[in-house]
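Trainee: Attaching a single structure in structure tokens format; questions to follow.
The values are calculated or read from the model by the stated rules, or taken from the named source; none is laboratory data. Bear in mind that the values here come from a model prediction, so they are computed numbers and not experimental data. So basically every Cβ, Gly included, is an ideal-geometry build from the backbone, and we count neighbours across all protein chains shown. For accessibility, only protein heavy atoms count, side chains too; no ligands or nucleic acids. Shrake-Rupley method; radii C 1.70, N 1.55, O 1.52, S 1.80 Å.
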Amino acid sequence: DVKVTQSSRYLVKRTGEKVFLECVQDMDHENMFWYRQDPGLGLRLIYFSYDVKMKEKGDIPEGYSVSREKKERFSLILESASTNQTSMYLCASSGTGLRSYEQYFGPGTRLTVT
Amino acid sequence: AQSVAQPEDQVNVAEGNPLTVKCTYSVSGNPYLFWYVQYPNRGLQFLLKYITGDNLVKGSYGFEAEFNKSQTSFHLKKPSALVSDSALYFCAVRASGYSTLTFGKGTMLLVSP
């Protein structure tokens, strides 16, 4: 079974703090994704990566950055957390070619910024 | 640009009755279409996909979906709902040649006993 794990289920941070969200997958997938999920807005893509050290902006990259130093690990960084970044953050991974059709999701990190 | 519309925020159905969760899409070229389900406090789970071929696709847990090109729709269906089907359902689309998905806003399905 594919497993995508996220470092924390719940996280509470203060405004202005630097926040790291970690995601690890064990299926040797090339593609990794970070989404945020908000009620009434569905899932919105923040960043994705199709290879080590490669990254592409998604639909809402402002206020976020990412790092992918190893194939299995994809980190989302909030340089200076703000209250409007309070949300559920979901990481996903997928392969390439025929293995690209299905994205596998982690359990999510619910981040609260106070 | 690609987009997905799920016109219903919530669908209520009695256990044993058929259910439909609606989805329409907009994409350039041939669409790849997906349904995911999210149970409370869990990540998204893949249900089914349409890539090519038969317009009726079958997926996990007895769900199926029908691709209708002329109506640009991909409605999720199940002949007989279970209380355990209660969850948040997301439709997603991807254009061929791309690896990113665009998700709808989600539809909450509530199945009453």
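Trainee: Step through the residues of segment A:98-114 one at a time and calculate ³J(HN,Hα) from phi using the Karplus curve (6.51 cos²θ - 1.76 cosθ + 1.60, θ = phi - 60°), rounding each to whole Hz and writing x for Gly and Pro.
Mentor: 5, 7, 8, 5, 9, 9, 9, 9, x, x, x, 10, 8, 9, 10, 10, 10
Trainee: If you wrap a convex hull around the C-alpha atoms of the protein assembly as shown and split its volume per residue, what is the figure in Å³?
Mentor: That works out to 121 Å³ per residue.
Trainee: Could you check the simple spin-label distance between A:Ile77 and A:Arg14, using points 7 Å along Cα→Cβ, in nm with one decimal?
Mentor: For the pair A:Ile77/A:Arg14, the computed spacing is 2.2 nm.
Trainee: Probe radius 1.4 Å, ligands and nucleic acids left out: which of A:Ile60, A:Ile46 has the largest accessible area, and how do the rest follow?
Mentor: A:Ile60, A:Ile46
Trainee: List, largest first, the extents of the alpha carbons of segment B:1-69 along their principal axes, each in whole Å.
Mentor: 37, 25, 22
Trainee: Now a separate question. Please give the FRET efficiency for A:Asn84 paired with A:Glu22, using the beta carbon to beta carbon distance and R0 = 22 Å, rounded to the nearest 0.05.
Mentor: Working: r = 22 Å, r/R0 = 1.00.
Calculated value: 0.50.
Trainee: Nearest 100 Å² is fine: how much accessible area is buried between B and A, summed over both sides, with a 1.4 Å probe?
Mentor: By this definition, chains B and A bury close to 1600 Å².
Trainee: Now for a separate question. How high is the relative contact order of segment B:12-87, given as a whole-number percent (alpha carbon pairs under 8 Å, six or more residues apart)?
Mentor: 40 percent
Trainee: Taking K and R as +1 and D and E as -1, what net charge do the other residues with C-beta under 9 Å from the C-beta of A:Arg68 add up to?
Mentor: Taking every other residue near A:Arg68 into account, the sum is +3.
Trainee: Find, to one decimal place in angstroms, the Kirkwood hydrodynamic radius of chain A, where the mean of 1/r is taken over every pair of different Cα atoms and then inverted.
Mentor: One decimal place: 14.0 Å for the Kirkwood radius.
Trainee: A further question follows. Output needed: percent of Cα pairs per 5 Å distance bin for segment B:46-113, bins running from 0 to the one holding the longest distance.
Mentor: 4, 14, 24, 26, 18, 9, 4, 1, 0
Trainee: Would you mind computing, in nm to one decimal, how far apart the modelled labels at B:Asn17 and A:Arg99 are, each placed 7 Å from Cα along Cα→Cβ?
Mentor: 4.4 nm
Trainee: Additional query: Report the FRET efficiency, 1/(1 + (r/R0)^6), for B:Lys58 and B:Leu82, where r is their Cβ-Cβ distance and R0 is 22 Å, rounded to 0.05.
Mentor: 0.85
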